[in-house]
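Quick notes on the structure that follows.
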Amino acid sequence: PQTWPHSGNTQGGGSGNGATYYGTARDVTERKEAEAFINFQAYHDLLTRLPNRALFKDRLELAITHANRGGQKLAVMFLDLDRFKVINDTLGHAMGDRLLQAVTHRLEKCLRKGDTLSRFGGDEFTLLLPSIHNHEDARQIAKKLIDALRAPFQLGDHEVFVGVSIGIAIFPEAGETMDQLIQNADIAMYHVKGKGKDGYRFYSDSMSIDTANRLNLERDLRQALERDELRVFYQPQVCSTTNRVVGLEALVRWQHPERGLLYPRDFLPLAEETKLIGLLSERVLDQACQDVGRWIREGHTHLRLAVNLSPIQVEHPRFVETLMQQVKAHNFPAGNLEIEITENVIMNDLEQISQKLRELAALGVRIAIDDFGTGYSSLNYLHRLPIHTLKVDQSFVKAIRSGDDGACIVNAIVAMAHGLKLEIVAEGVETDEQLDYLRSLGCHQVQGFFYGPARPAAEISRTLGSTRAKAASF
Ligand code: C2E
Ligand code: CA
Ligand code: CA
């Protein structure tokens, strides 16, 4: 017979017999195309043309069977774009769609044949790496994905930055079933968000509590807020030359009715995930303003209150307003407040965040960079932003041991802080040796078990009381 045309659109009708054949052929082609389209649609996301959730699960199921048979590993990654919602809300959905397409394009370039990237929903993607040898393989890909989104995206006249938070679950240790792997990758992803985003984490058992426990914990956490079970503990920041308390860092605790005193790592990730973090932070700040405000009025006029802020809070469009309203409601002097944020929070959205920080600084609020030296950062921002304090991360302080090269980093950070005329607080100071070393560098503000852990307000009150006579010279 004759060769049938591929597409009905590209050729006109013929005549005689040919036309009949042609007509039939077109019907068949169109039906086949329609079928193909319906099939495609059932298993793909039309915007990005990526496999959808259903197809991803199919492929994962298959990959697990294979891996099981061959005793191999595989990796599931959960990717959530940082700041997508803000861009979508401000530039509109059409731009949001274009951004998702552009992001997809860049992510796909990092993958090998056989990997499955899927759009899981909204700004969430999942990735299956069906054959990896070890964690390192997955780590390499995660880094590549993060790097791929680093450069700005051009959307019409707008240049926007998106980051990505990646949680990784490795089969079989992080889960043996499809649902476990996806859920655990999701949990690991929330740990990245909690730490300032734009990074990756491997799932580990300590991150979580199984699903049942998780639901209980979420319900408990809601109740904790209603029943006022959250406590604020304070860890002194001490000047090592005078041994005086110069500041207090507020650290949240949860007095759980059955499980006892819980630490942030046990419940903060869940609070972030369930958006209870906003409410939680509000409580912490209220309590801290009350306690520290009282000590300030009692004569410790220079006492500084340091509070930790979640990235979710800082990103909120009305962050500055909300924070200041709360501080004013307690008549708390803005100059005694220091907020702690991580480098990642800043780097994620340099433009927006610097605007907010400038507003706060103009109102007298001090800004500290927490865990300094551990994040992804450009030192470039340091002198362009109104930053007052660098908090040297505990890991660098730990490295201070006689003859250990690790101490070099502390030297460098302290030297830099001095050069930039920033204050510096060393965290996690536990030993005499560390204290002496820091002193010798000229780093005099320290915080750590050497001077004591975070303690309840009543105990802090007693410590402060005994130094009240000298309070004026704090
Ligand atoms: P962070 O801001 O880096 O706080 C320091 C952590 O190190 C605290 O743990 C503190 O108890 C602990 N630490 C202090 N001195 C030493 C020491 O000498 N040695 C050792 N090994 N550890 C020391 P914590 O209280 O469990 O808090 C963990 C993290 O949770 C904090 O890290 C902070 O990022 C977050 N966090 C705590 N409270 C809040 C809060 O109210 N809001 C928000 N958003 N985050 C909070
Ligand atoms: Ca802190
Ligand atoms: Ca810290």
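Read the figures in this text as sums done on the coordinates, not as results from a lab. Source: prediction; values computed, not measured. Every residue, glycine among them, receives a Cβ derived from its backbone with ideal geometry; neighbour counts consider all protein chains shown.
Along its principal axes, the range 53-204 has C-alpha extents of 52, 29, 23 angstrom, given from the largest down. Using the Cβ of SER118 as centre and a radius below 14 Å, the other residues enclosed give a net charge of -4, where K and R count +1 and D and E count -1. Is there a pair in LYS113/LYS144; LYS275/LYS356; LYS32/LYS85; LYS32/LYS144 whose C-alpha atoms are over 27 Å apart, and which pairs would that be? In this structure, LYS32/LYS85; LYS32/LYS144 exceed 27 Å between Cα atoms. The fewest-to-most ranking of CYS443, CYS110, CYS239 by surrounding Cβ atoms within 10 Å reads CYS239, CYS110, CYS443. Computed from Cα positions, the angle between helix 53-70 and the longest principal axis of the chain comes to roughly 80 degrees. In the chain, helical runs assigned H by DSSP with n ≥ 4 each contribute -39500 (n - 2.57); averaged across all residues and rounded to the nearest 500, the mean residue ellipticity at 222 nm is -15000 deg cm²/dmol. All C-alpha to C-alpha distances of the range 227-465, sorted into 5 Å bins beginning at zero, yield P(r) values of 1, 6, 14, 18, 20, 18, 14, 7, 2, 0, 0 percent in whole numbers. With a/c under 1.5 counting as rounded, go ahead and sort the chain into rounded, prolate or oblate using the C-alpha gyration tensor (a ≥ b ≥ c being the square roots of the eigenvalues; past the cut-off, prolate if a/b is larger than b/c, else oblate). It is prolate, given that a/c is not under 1.5 and a/b is the larger ratio. The DSSP beta bridges internal to the range 227-465 are antiparallel in roughly 45% of cases. Shape class of the range 211-368 from the Cα gyration tensor (axes a ≥ b ≥ c, square roots of the eigenvalues): oblate, since a/c reaches 1.5 or more and a/b does not exceed b/c. Partner aspartates and glutamates whose Cα lies under 14 Å from the Cα of LYS73, excluding those fewer than 8 positions away in the same chain, are identified as GLU61, ASP115, GLU136, ASP137, GLU173, GLU176.
Evaluated with a Cβ-only charge set (Lys, Arg +1; Asp, Glu -1), the chain carries a dipole of roughly 520 debye about its Cα centre, given to the nearest 20. Computed from Cα positions, the angle between helix 319-329 and the longest principal axis of the chain comes to roughly 30 degrees. The antiparallel fraction among DSSP beta bridges confined to the chain stands at about 60%. Straight-line reach from LYS398: taking Cα to Cα under 28 Å and skipping same-chain neighbours fewer than 8 places apart, the lysines in range are LYS143, LYS193, LYS195, LYS197, LYS421. Here the residues ASP58, ASP115, ASP157, ranked from fewest to most Cβ neighbours within 10 Å of their Cβ, fall in the order ASP157, ASP58, ASP115. Farthest towards the positive end of the charge dipole of the chain, among the residues LEU149, SER204, ILE64, is the Cα of LEU149, using unit charges on the Cβ of Lys, Arg, Asp and Glu.
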